[in-house]
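Here is the structure we will look at, set down as structure tokens.
No value in this document is a laboratory result; all are computed from the given coordinates. Small disclaimer: the values here were computed from a predicted structure and weren't measured. Glycine also receives a Cβ, built like all others from the backbone with ideal geometry; neighbour counts cover every protein chain displayed.
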Amino acid sequence: MTAPAGSEGSVAVPLFLNGEGMRGGRVHPSIAHYTFLGEVRTAPRYRFYACEGGFPALWPVAEGGVSVPGELYALPLEAVRDEFMPVEPPELELAVIELADGSAGLAVALRPEVHARGEGLIDISDSGGWRAYQASSKRR
């Protein structure tokens, strides 16, 4: 994977987006200038939550997981640190996830203490993804 222009010497890493960072999302401008690798899915090892404040989050599980749809981008690690993570909610942390093809990528996931509290979390694992959940929420 090569880094975009202007990031010579940096190692580009795959970053999985499943919420407002995707194309059309409110924080997409922070990563829009990086290489879009395509629409992908996670391995079926995650539950997917809507969090109070209007953002989604992954949570890894040993059983009962689903494959979550999203988008994959190539970003230099420095961009993940300096541009992507600063716009993410404090309830989320960087994690290494498994994609449907068996490869690994970075993504944001719920912090363990947030999941343990459970407050403000709605399990949307069976919704078909963040965009589908938002569309169904607007129809209600």
- Item | Surface/4 estimate of mean projected area, convex hull on alpha-carbon atoms of the chain, nm² | 8.4 nm²
- Task: Towards the positive end of the charge dipole of the chain, with charges on Cβ (+1 Lys, Arg; -1 Asp, Glu), say which of G128, Y34, A116 has the farthest Cα.
- Result: G128
- Message: Helix 130-139 against the longest principal axis of the chain: what's the angle in degrees, Cα atoms only, rounded to the nearest 10?
- Response: 50 degrees
- Kindly write out, for the range 38-48 in residue order, the coupling ³J(HN,Hα) from the Karplus curve 6.51 cos²θ - 1.76 cosθ + 1.60 (θ = phi - 60°), rounded to whole Hz, with x marking Gly and Pro. x, 7, 9, 10, 6, 5, x, 10, 9, 9, 10
- Task: Quick one: grab the alpha carbon gyration tensor of the range 40-112, order the square roots of its eigenvalues as a ≥ b ≥ c, and give me rounded if a/c is under 1.5, else prolate or oblate depending on whether a/b is larger than b/c.
- Result: oblate
- Query: Under the rule of -39500 (n - 2.57) per DSSP H run of 4 or more residues, summed and divided by the residues of the chain, what mean residue ellipticity at 222 nm is obtained, to the nearest 500 deg cm²/dmol?
  - Reply: -3000 deg cm²/dmol
- Message: 5 Å is the cut-off here: which amide hydrogens, built 1.01 Å from N in the peptide plane, fall below it relative to V40, excluding neighbours closer than 5 in sequence?
- Response: G70, E71, L72
- Item | Electrostatic dipole magnitude of the range 12-139 [Cβ: Lys, Arg +1; Asp, Glu -1; Cα centre; debye, to 20] | 380 debye
